[in-house]
Amino acid sequence: MDRFLIHGPCTLSGSVRVSGAKNAVLPLMAATLLSRGVSRIHNVPDLRDTRTMAKVLETLGAEVHREGSTLTIDTTAADGVDAPYELVKTMRASIYVLGPLLAAKGKARVSLPGGCAWGPRPVDLHLKGMETLGAVVELEGGYIVARQPSGGLTGGDMDFETSSVGATANLLMAAVLARGTSVLENAAREPEVTQLAEALVDAGAKIEGIGTTTLTVEGVEEIRPLEVTVIPDRIEAGTFLTAAPILHSKLKVEGLRPDHLGATLEVLEACGCSFQVGEDFVEIDGSAASAPVNVVTRPYPGFATDMQAQTMAVATLLDGISVITDTIYPDRFTHVAELRRLGAQIRLDGNSAVVTGVERLSGAPVMATDLRASAALILAGLAAHGETLVDRIYHIDRGYEQIERKLAALGARIERVEGPPTP
Ligand code: EPZ
């Protein structure tokens, strides 16, 4: 099992280019099941999760080929309806095939995703969404089994009691082929959901209200295969931007959408960073960053829960007391114990972490527990004095394309080393 060996402290300089958004490409790959033919998705990052989703599609009978950063997905022979536990347990986003399979094939049998590092992640809203369209949904042996009613799916109205990215995407994809009108209230409007809706419209779907919390879908008989270029990954961009304050560095993050980073830039400004914002880049100067921050995660356009761990790493070295509250995932704090091993002073109080800044962090062996916690540990390791060994970095390979190469190119001392075989 690979590990990252990091020597700190270091300062970074230069520029880094952001890859395509993991959380945009996964639903787009699933949406190719809505039509028969050859879809092309450009600017696809090469990640464990995109490779897993490709395997899920191949299990369903699709052919997936990568040429550079373009994925060609041929669903002509995609007649399968089963997404097996072996694959779904490694990536909960596999549940994105539920809506497309139900709508396009009349049936879906998708393993219930397990929990994740920070606790249960229910899928009740996904199932409710399918039922809104008239589907019969049952749980059989750890699998979700959804079937169209005899007359096929019909449009329905869903008012999401919680803003859910995945459930919005799943219902949106199914509603596109349901007969009649569907209205999704309190729909998620993360940029990744907006891109999915736009790609579906480009393929012939009828969706109004894109970018708002009310989406209205007019079902159509069929849509064409997709042709879409994945938006930049706003979380990867945010992760590199937070390297500036924690390492008191100046760097340029390129190939991003500044309009997707509003809440992140606000927090970076609050801790004392300054920046130049261009059309597709941000040049950030974190050399004077020292002020503590108060952060509360919210659905987009609020501060992203996926930036919570990275921001906590920054807060460990800010002056005074920072408070970081996660309202999306109240227990998404598995990185706290690992940051403490590096000398951070953090007290948990319900769904808030109270972080008291310290003079310095000291290197130590730590263990990654999930994707964004891994990023936080890498950032903290780069700032810590001495050697930090981050174990279980398969987590980070799920969502960051060659992160150690990108960081090394900015001047970081980080290398991937073979770990001992799993005990
Ligand atoms: C997506 O997960 C992202 N994953 C997550 O990113 C991200 O943290 C999350 O949205 C929130 O922004 C992908 O896009 C692949 P949700 P998702 O449904 O769709 C509750 C990363 O690091 N909920 O928006 O699973 C849920 O418990 C990953 O890239 C229900 O109650 O998240 C949470 O409190 C981690 N019932 C809230 O909604 C449901 O059926 C938001 O979850 C579904 C969700």
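The table below lists the values:
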{"read-out": "Top positive-direction residue, dipole computed over the chain with Cβ charges, set LEU226, LEU348, THR194", "value": "LEU348"}
{"read-out": "Cα gyration tensor shape for region 57-110, rounded if a/c is under 1.5, else prolate or oblate", "value": "oblate"}
{"read-out": "Rounded, prolate or oblate (a/c below 1.5 giving rounded, otherwise prolate when a/b exceeds b/c) for region 270-402 by Cα gyration tensor", "value": "rounded"}
{"read-out": "Net length gained if the chain between GLU86 and ARG416 were fully extended (0.36 nm per residue, minus Cα distance)", "value": "116.1 nm"}
{"read-out": "Prolate/oblate/rounded call for region 339-423, Cα gyration tensor, a/c under 1.5 rounded", "value": "prolate"}
{"read-out": "At R0 = 60 Å, FRET efficiency that the Cβ-Cβ distance of THR76 and GLU269 yields, to 0.05", "value": "0.75"}
{"read-out": "Dipole magnitude of region 307-418, debye to nearest 20 (Cβ charges: Lys/Arg +1, Asp/Glu -1, about Cα centre)", "value": "80 debye"}
{"read-out": "Most to least packed among 24-34, 79-89 [average Cβ atoms within 10 Å]", "value": "24-34, 79-89"}
{"read-out": "Area of ASP349 that stays accessible when all protein chains are in place (1.4 Å probe, Å², to 10)", "value": "90 Å²"}
{"read-out": "Inter-label distance for GLU138 and ASP280, nm, one decimal - labels placed 7 Å from Cα along Cα-to-Cβ", "value": "5.1 nm"}
{"read-out": "Dipole in debye (nearest 20) - the chain, about Cα centre, beta carbon charges: Lys, Arg +1; Asp, Glu -1", "value": "700 debye"}
{"read-out": "Computed FRET value (nearest 0.05) for VAL38 with ASP331, which takes r as the C-beta separation and R₀ as 41 Å", "value": "0.45"}
{"read-out": "Computed [θ] at 222 nm, deg cm²/dmol, the chain (DSSP H ≥ 4; -39,500 (n - 2.57); rounded to nearest 500)", "value": "-8500 deg cm²/dmol"}
{"read-out": "Mean Cβ count within 10 Å, highest first, over the residues of peptides 309-315, 368-374", "value": "309-315, 368-374"}
{"read-out": "Cβ charges +1 (Lys, Arg) and -1 (Asp, Glu), total dipole of region 108-227, debye", "value": "280 debye"}
{"read-out": "Mean-position separation - Cα centroids, region 303-358 and region 153-222, in angstrom", "value": "34 Å"}
{"read-out": "Gained length - GLU222 relative to GLU359, 0.36 nm times residue gap less alpha-carbon distance", "value": "43.3 nm"}
{"read-out": "Subset of LYS55/LYS89; LYS55/LYS406; LYS55/LYS107 violating a 23 Å alpha-carbon distance limit", "value": "LYS55/LYS406"}
{"read-out": "Length released on extending from ASP46 to ALA409, taking residue separation times 0.36 nm less the Cα-Cα span", "value": "128.8 nm"}
{"read-out": "Dmax and Rg, reported as Rg then Dmax, of the chain (C-alpha, Å)", "value": "21.5, 67"}
{"read-out": "Percent carbon-and-sulfur accessible area, the chain, ignoring ligands, DNA and RNA, probe 1.4 Å", "value": "48 percent"}
{"read-out": "Most positive-pole-ward Cα, THR75, VAL97, ALA178, against dipole of region 66-181 from beta carbon charges", "value": "THR75"}
{"read-out": "Antiparallel DSSP beta bridges within region 229-353, as percent of all bridges there, nearest 5", "value": "70 percent"}
{"read-out": "HIS385/ASP349 FRET efficiency (R0 22 Å; Cβ-Cβ; nearest 0.05)", "value": "0.15"}
{"read-out": "Average accessible surface area per residue within the chain, 1.4 Å rolling probe, Å²", "value": "38 Å²"}
{"read-out": "Cβ-defined net charge surrounding SER287, 15 Å radius [Lys, Arg +1; Asp, Glu -1]", "value": "-2"}
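The values are calculated or read from the model by the stated rules, or taken from the named source; none is laboratory data. What you are looking at is a predicted structure, and each value in this text was computed from that prediction instead of being measured. Cβ coordinates were reconstructed from backbone atoms using ideal geometry, including for glycine residues, and neighbour counts include every protein chain displayed. Accessible surface is based on the protein model in full, side chains and every heavy atom, while ligands, DNA and RNA are left aside. Shrake-Rupley method; radii C 1.70, N 1.55, O 1.52, S 1.80 Å.
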